[in-house]
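The values are calculated or read from the model by the stated rules, or taken from the named source; none is laboratory data. Since the model is a prediction, treat every value here as computed from it, not as a measurement. FYI the Cβ positions are ideal-geometry reconstructions off the backbone, even for glycines, and counts take in every protein chain you see.
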Amino acid sequence: MRRSILLAGAIALLPVLALAGDPGRDAILSDYAAQARRLDPAFTGLSAQRGETLFRTKWNGGDPRTPSCTACHTADPRQPGQNAKTGRPIDPVAVSVNPRRFTDKAEVEKQFGRDCKSVLGRDCTPAEKGDYISFMAGQ
């Protein structure tokens, strides 16, 4: 009986698990993890917790108008944001609200290329990019 309950629960979760990932996003995350591993053999994996820290930290190296990711994306990544420099509206960055986020490698690289320099004053590392996406995928 216990086994059938567990099996029924697992079967009930299959649709949720099928929707949880996106092949494009999964490939991007795998690529960032592989790059991070090549750069640092001690790399143990991507971390949503480190991604959240990256998202919420106020940095000093970038544009003073964008000291953190929250300057444009708000403290709640499920809410729409606004570009701190131009005022242009920004769709929510959280995958739960915007499932197409982080699914196109060229677009992801374009955004990180611009936004990391604006916020951090430098390029993001592959681990930072993967951590950030991991955090947003859980939001």
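Details
- Applying the criterion of being assigned to a helix (DSSP H, G or I) and among the acidic types (D, E) to the residues of the range 114-139, the residue that is surrounded by the fewest Cβ atoms within 10 Å (Cβ to Cβ) is D115.
- Residues of the range 76-97 satisfying the condition of being within 25 Å of D26 (Cα to Cα) and surrounded by fewer than 19 Cβ atoms within 10 Å (Cβ to Cβ): D76, R78, Q79, P80, I90, D91, S96, V97
- For the range 69-80, the condition of being modelled with pLDDT under 95, part of a helix (DSSP H, G or I) and small (G, A, S) holds for none of the residues.
- Conditions (1) in contact (Cβ under 8 Å) with a residue 60 or more places away in the chain; (2) part of a helix (DSSP H, G or I); (3) of a type in the set (A, V, I, L, M, F, W, C); (4) in contact with a Gly (Cβ under 9 Å, 6 or more places away or on another chain): number failed by W59: (2)
- Lone unmet requirement of (1) within 17 Å of D22 (Cβ to Cβ); (2) crowded, with 19+ Cβ neighbours inside 10 Å for Q111: (2)
- Conditions (1) without any contact (Cβ under 8 Å) to a residue 60 or more places away in the chain; (2) under 18 Å from Q111 (Cβ atoms); (3) polar (S, T, N, Q); (4) part of a helix (DSSP H, G or I): number failed by T86: (4)
- Test: A106 is out of contact with any Cys (no Cβ under 9 Å at 6 or more places or on another chain), surrounded by fewer than 17 Cβ atoms within 10 Å (Cβ to Cβ) and not charged (D, E, K, R): yes
- The single condition among (1) within 21 Å of R65 (Cβ to Cβ); (2) modelled with pLDDT of 95 or more; (3) not hydrophobic (A, V, I, L, M, F, W, C) that K85 does not meet is (2).
- Some residue of the range 22-41 being more than 22 Å from C124 (Cα to Cα), surrounded by fewer than 16 Cβ atoms within 10 Å (Cβ to Cβ) and either at pLDDT 95 or above or not acidic (D, E) (or both): yes
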